[in-house]
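Some notes on the structure that comes next.
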């Protein structure tokens, strides 16, 4: 988009009154904005208000984005499209994560808990190891405001029929001791088939109180419409789900269940037992799924009575997925969708090894999830088939009513 004469005059006047650094910042900001608009026009196949046969999409406003440079923060506007997505190729997608990692490493150094590896990282980042505490505070302060806003943002803009819960563990210093801290993460599938990061929390353990606090925070932020919670079978987590997520079924992760089964059978029988149990999830209907579980339990019970007991005890939770549209089954039988997220979190946190405190751990993990969430929103990919989500909510049913059978056996206090 070319600058008009009036735009040029205003820019010239602002540059005359600016100091040296502000001059560079203003020019860089305007230049980047023009390049972004030009790339958007090329992607769309037409400029503003231009009618061409090559047009493939239409503009739908802008979304703000701040880009940090050596000249200062640049306030840019990223064009949005009515259909599809657009993100300028000249912007770095993971800048926020790098800033958070930088802040954590600096904080670790200032608090005297750095290792030789951390010290090498500091030097590799081009920073003098004599960085001050005030500089670390400034860096962390600039990050904490947007990261906190992301963690506490409202969730009432759409319903989330499916949510996934899982935890990963990282080491941090608490009361001058290195301990393992649980990082619990929630993601959700929206009623139109998209994905979002819902929230996260760092705590001492996966107790019922800890999970209850986390789930209540999601509810307080407006989380509604939940019909199925997919999670592992930690005792505290399951109790919290049954207490807080009223009206939602609980699906026990099939992958974690198999791991529990492997712990009570000989290693040489693992492949046969796993293949037999997998037949439960390959049935064509809800009735067939539940019937197959009974059949498999009887079959394996002759040689592995503990496995039979485990299957029968977990029957309702393992087969909860079958009450939902069969086109969704593969995606809602386990917490596998969270595995990629956990791997990315561990890849970043392993660089630090031991965090100086919980706040530093929370900061870096939030930055990782923030970037993933941005990617899902900026480059939407339908996670579940188009039209299949309509089966979950009946038009005449109020949101507070049960849409599908509730396997949580929840009670109201």
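The values are calculated or read from the model by the stated rules, or taken from the named source; none is laboratory data. Just so it is clear, the structure is predicted and the values come from calculations on it, not from any experiment. Here the Cβ is made from the backbone with ideal geometry for all residues, glycine too, and neighbour counts use every protein chain on show.
Overview of results
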| item | result |
| --- | --- |
| Residue among 330, 308 that alone is surrounded by fewer than 16 Cβ atoms within 10 Å (Cβ to Cβ) and in the same structural domain as residue 270 (by TED's automatic domain parsing) | 330 |
| For residue 2: the one exception among (1) at pLDDT below 75; (2) in a loop (DSSP other than H, G, I, E, B); (3) crowded, with 16+ Cβ neighbours inside 10 Å | (3) |
| Residue selected from the range 325-345 under the condition part of a loop (DSSP other than H, G, I, E, B) and under 23 Å from the mean Cα position of the chain (by Cα), by the criterion farthest from residue 233 (Cα to Cα) | 333 |
| Residue 237 vs. criteria in a loop (DSSP other than H, G, I, E, B) and either crowded, with 16+ Cβ neighbours inside 10 Å or touching a strand residue (DSSP E or B) at 6+ places or on another chain (Cβ under 8 Å) (or both) | no |
| Residue check, residue 146 under 19 Å from the mean Cα position of the chain (by Cα) and surrounded by 22 or more Cβ atoms within 10 Å (Cβ to Cβ) | no |
| All positions within the range 199-239 that are closer than 27 Å to residue 391 by Cα and either over 20 Å from the mean Cα position of the chain (by Cα) or free of Cβ contacts under 8 Å to residues at least 24 places away in the same chain (or both) | 220, 238 |
| Residue within the range 296-304 that is within 31 Å of the chain's Cα centre (by Cα) and within 23 Å of residue 232 (Cβ to Cβ) present | no |
| Only one of 180, 212 that is in a helix (DSSP H, G or I) and either touching a strand residue (DSSP E or B) at 6+ places or on another chain (Cβ under 9 Å) or farther than 17 Å from residue 337 by Cβ (or both) | 212 |
| Qualifying positions in the range 187-209 - under 16 Å from residue 155 (Cα atoms), assigned to a loop (DSSP other than H, G, I, E, B) and in contact with a strand residue (DSSP E or B) (Cβ under 7 Å, 6 or more places away or on another chain) | 190 |
| Pick from the range 149-162, criterion within 14 Å of the chain's Cα centre (by Cα) and not in a loop (DSSP other than H, G, I, E, B), ranking: surrounded by the most Cβ atoms within 10 Å (Cβ to Cβ) | 162 |
